[in-house]
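In what follows, a structure is listed as structure tokens, so that the remarks can point back to it.
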Amino acid sequence: MIVSAQVEAQSGAPANSPNPDAICMGCHRGIYEKYERTPMARGSGPAVEGLLQGGFLHAASGIRFEVFLQDGKAWMSYNRNSVSESSNELIALHGEKQLIYFIGSGHRGRTYLYQESSEWFEAPINYYSKRRLWDMAPNYGASKTMPAALPVDSNCLHCHATAVQTALPDARNKYDGLPFQQGGIGCSACHGDSSKHLAEQGRGPIVNPAKLSPARRDSTCLQCHLEGDVAIYRSGKSLAQFRAGDDLADYAVYFVKTSAESGGGRASSQYEALLHSACKVASGDKLTCTTCHDPHNSPNAEERVNYYRSKCLACHTGSQMATGHHPEQQDCAVCHMPTREPTDISHEQATDHNIQRHPSTTSSALRLKNLGEADELLRVGNVPAGDREFGLAYAELVERGDRKAGEKALSLLRKAEKDGANDVQVHTQLGVLEQMSGDKVKARKEYGDALVVNPYESTALGNLAVLDAASGRTADAINLLQRVVDADPSQMAAGLNLAFIECKVGDKKKALEILAGLSRFNPDDPTLRKFLASGTYGGEHCDLR
């Protein structure tokens, strides 16, 4: 594990200092040395130290990606020299990004982070360890262009690094300095602040998850190992604020669709499946993640079968079970926890934690409905959730294409607002839903209320600008869109809208400057390319020359 102390003035590369967890080794050497070899401990760090050099040609986009070391720095290049297979246009594309951090231990895969201006982004490619190959990041395999720059959100970093910083208010991937202070998951992620413990020679207080209430104990693992179909954060809360000993339910509510209630479809979240297993139902709070998994140690390939078999036999006792139950197959998981192709990670398999006596031979991924289909949402676990949380969850399904969820989301959020919900998420989503339903007056009011809470809320600013432009209030629209672009120059929709309006009012130089700025973040965006090439945007035309 690595601490990133500062950013070098020119390169942005992190300078390293000693591992802060090494002080724990004085009393816990055995645990420390084993833990340092686990995937969690190696979840992130400087890109140069975790560089996996290689490359591939992405057939759908015609782009060749390469990851390489040059002059002591890590780089990703992207190049397309000929006609794209997905179109008949000759669109050359050349560029490179300096990679600053790696994310992912390499157990399943690895990707990298880079910095553009003051914002942090994730590379659009991943290394998949099981197949030993480079490919596009999940969900981008069929993309016909290079994906848009992927913002690095602190809620995502929380599960790969330690001392993650809260993003600045103007953009979710802009930080006051480095995005995190320690590579990998450090001791403090599960045991909290150790300063008092150390000051009193190991006799001071420190968090021991095993001694917490069941909800807080389980939260120690679930802060990273619970995803659900939808995650809704409590008002004013962020996962980056979670500290060992907290109850995760105070920070977020997780939902699954009824079609996926039994879980098992996501490699990064098997807890929903475990809740429905006979083992969990019979054991209740007694069974937790650490019943079977040692958080400080990962058994190697030679130890794995006997290690997990011993966990099963701790409950499934009796000589018949130990010696007579399929003695030819010592790996219990082969029959009762088969590996599945997950829905969230390409080129990967995950152990199905549904723990069925006779598991279906059908992949869990095939049993899950498409997120675009109408479905009910259920909370994961016995977690309190009101109209606000359910309303925001259904609103997120609307964003993913489930238009039937819109009426339910609108009704729930109206009730939540009437009962006092006054946070930026509620107002923004209500504005979107009111605008979709055709009530521009109510939408305008909700966007205005959202901007009172957070003047940088980009969706509210951008959509309010659209309403202003449609009603002829061009100056107001320009002002709102400029606020979005000034705060976050990677915002494509706002930038394109602003450039088109500036072109229409005659400031073509300003329009071209805005488009050039957008090209730094998303050089292969087809709408941007079309606008620059022909002056066509949104079915309208404005000559940029």
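Of the numbered conditions (1) acidic (Asp, Glu); (2) under 26 Å from Leu57 (Cβ atoms); (3) surrounded by fewer than 18 Cβ atoms within 10 Å (Cβ to Cβ), Asp176 satisfies every one except a single condition; which is it? Every condition holds for Asp176 apart from (2). Put simply, of Leu371, Leu412 the only residue that is under 30 Å from Asp439 (Cβ atoms), among the aliphatic types (A, V, I, L, M) and either modelled with pLDDT of 90 or more or in contact with a Pro (Cβ under 7 Å, 6 or more places away or on another chain) (or both) is Leu412.
For Gly401, the test of being open to solvent by 30 Å² or more (accessible area, probe 1.4 Å) and modelled with pLDDT under 95 is passed.
Taken together, Ala189, Ala210, Ala244 contain a single residue that is open to solvent by 40 Å² or more (accessible area, probe 1.4 Å) and among the aliphatic types (A, V, I, L, M), which is Ala210. Taking first residues from region 510-524 that are in contact (Cβ under 8 Å) with a residue 60 or more places away in the chain and partners that are acidic (Asp, Glu), the Cβ contacts under 8 Å between residues at least 6 apart in sequence or on separate chains come to Arg520/Glu116; Phe521/Glu116. I'd like the residue in region 487-509 that is touching a residue at least 60 places away in the same chain (Cβ under 8 Å) and in a helix (DSSP H, G or I) and, out of all such residues, is most open to solvent (accessible area, probe 1.4 Å). Applying the filter and picking the extreme gives Met492.
Set side by side, the residues Ser194, Ser188, Ser238 differ, and just one is touching a residue at least 24 places away in the same chain (Cβ under 8 Å), more than 20 Å from Ser154 (Cα to Cα) and not hydrophobic (A, V, I, L, M, F, W, C), which is Ser194.
Taking the criterion of being among the polar types (S, T, N, Q) and open to solvent by 50 Å² or more (accessible area, probe 1.4 Å), the residues of region 141-173 that qualify are Gln165, Thr166. The residues listed here are His347, His353, His358; of these, the one that is modelled with pLDDT of 80 or more and surrounded by 15 or more Cβ atoms within 10 Å (Cβ to Cβ) is His353.
The values are calculated or read from the model by the stated rules, or taken from the named source; none is laboratory data. In this text the structure is predicted, and so the values were computed from the model without any measurement. Neighbour counts are summed over all protein chains in view; Cβ atoms, including those assigned to glycine, are modelled from backbone coordinates with ideal geometry. Heavy atoms of the whole protein, side chains included, go into the accessibility calculation; ligands, DNA and RNA do not. Shrake-Rupley method; radii C 1.70, N 1.55, O 1.52, S 1.80 Å.
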